[in-house]
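Here the structure is laid out as structure tokens; the discussion comes afterwards.
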Amino acid sequence: MKVRIAQLSDLHFGRDVRAVAQTLLADLRDVAPTLVAVCGDLTQTAREAEFRAARAFLDELPAPALVVPGNHDLPGWRVWSRFGRPWRQWRRHLGTDPHDVVTHTAGGLVAVGVNTARRWGPHHDWSRGRIDARQVNATAAVFDAAPRDDLRVLIAHHPFLLTPSAQARGLVGRSDLALRHLRRRADLLLGGHIHLAYSGVVDGLVVAQSGTACSNRLKGEPNSYNLIEADGDQLTVSTRRWNGERFATHQRTGYTRAGHEWRTA
Ligand SMILES: [Fe+2]
Ligand SMILES: [Fe+2]
């Protein structure tokens with residue numbers, strides 16, 4: 001069965017560009033995805049008005065969405081909120097518990113979302129995230145219970161693959177643990193955070209990263225999202241980029257699966 005996922009990340013409401021966000025919604029209506037995967041950083045500083053704008057955007061999506069938080073969805077340097085009630089706005093506006101593993105099952109697809117954003121970390125850069133053993137085990141259990149032919153997708157904010165220029169940003173913490181358990185169990189890992197669009201294969205899994213969908217926090221390339229189409233052992237990741245007027249396919253990479261392992265086509 002054909003599966004079509006629109007992968008959005010780093011919307012950063014508060015730093016959003018209205019024309020881009022509106023055109024993105026129109027483009028999503030045209031491509032008619034099975035699922036919209038929203039890979040975190042919905043807001044810029046986790047303030048109420050930003051969450052309200054993000055909520056209004058999500059309500060306009062033309063398909064079910066599976067949404068996970070990013071580091072910007074935590075109150076940045078508002079220390080009292082960050083440590084006392086870090087997810088208050090998230091709970092209020094998204095209606096999900098950020099500590100839960102969230103799932104979505106649709107025709108031919110089983111998707112799991114995990115929150116990799118943390119209030120603090122054992123390093124100087126608290127924007128970095130982590131996946132923990134509880135989340136990995138819960139994800140593996142969902143995939144193990146899914147129908148054999150379903151495409152298995154993990155949705156997170158922090159990356160499982162970095163480009164050479166982004167090495168300093170760091171992989172999601174404990175990515176090695178996650179990959180050890182998800183190898184031969186998962187098909188596709190979706191992330192954001194870097195604000196650059198790229199994809200590749202890690203340990204036989206396809207990893208796709210999307211750029212900032214509709215914010216002006218550009219890191220050297222235009223706004224974009226990924227359209228991922230899978231049919232049996234074939235999968236393509238198409239990056240649809242903003243060209244100043246609309247979103248258009250900029251790059252398309254194909255992957256094929258042999259046994260449990262994906263490789264570049
Ligand atoms: Fe971001
Ligand atoms: Fe981020």
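The values are calculated or read from the model by the stated rules, or taken from the named source; none is laboratory data. This structure is a prediction, so every number in the text was calculated from the model and none was measured. Here the Cβ is made from the backbone with ideal geometry for all residues, glycine too, and neighbour counts use every protein chain on show. All accessible areas refer to the heavy atoms of the entire protein, side chains included, with ligands and DNA or RNA removed. Shrake-Rupley method; radii C 1.70, N 1.55, O 1.52, S 1.80 Å.
Below is a table of values for the structure above.
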read-out	value
In region 161-179, the residues that are assigned to a helix (DSSP H, G or I), closer than 20 Å to residue 68 by Cα and touching a Pro at 6+ places or on another chain (Cβ under 9 Å)	169, 175
Top-ranked residue in region 1-26 [being open to solvent by less than 50 Å² (accessible area, probe 1.4 Å) and part of a strand (DSSP E or B); ranked as nearest to residue 231 (Cα to Cα)]	3
Candidate set from region 133-160 (those that are part of a loop (DSSP other than H, G, I, E, B) and open to solvent by less than 40 Å² (accessible area, probe 1.4 Å)); member that is nearest to ligand 1 (Cβ to nearest atom)	157
Residue check, residue 168 among the hydrophobic types (A, V, I, L, M, F, W, C), surrounded by fewer than 21 Cβ atoms within 10 Å (Cβ to Cβ) and either within 15 Å of ligand 2 (Cβ to nearest atom) or within 17 Å of the chain's Cα centre (by Cα) (or both)	yes
Cβ-Cβ under 7 Å pairs, at least 6 apart or on other chains, region 127-151 side over 16 Å from residue 70 (Cα atoms) and modelled with pLDDT of 95 or more, far side open to solvent by 40 Å² or more (accessible area, probe 1.4 Å) and part of a helix (DSSP H, G or I)	136/181; 140/181
Every residue from region 27-57 that is in contact (Cβ under 8 Å) with a residue 24 or more places away in the chain, of a type in the set (A, V, I, L, M) and not in a strand (DSSP E or B)	28, 31, 32, 42, 46, 49, 53, 54
Residue match in region 205-219 (condition: more than 14 Å from residue 251 (Cβ to Cβ), polar (S, T, N, Q) and open to solvent by less than 60 Å² (accessible area, probe 1.4 Å))	yes
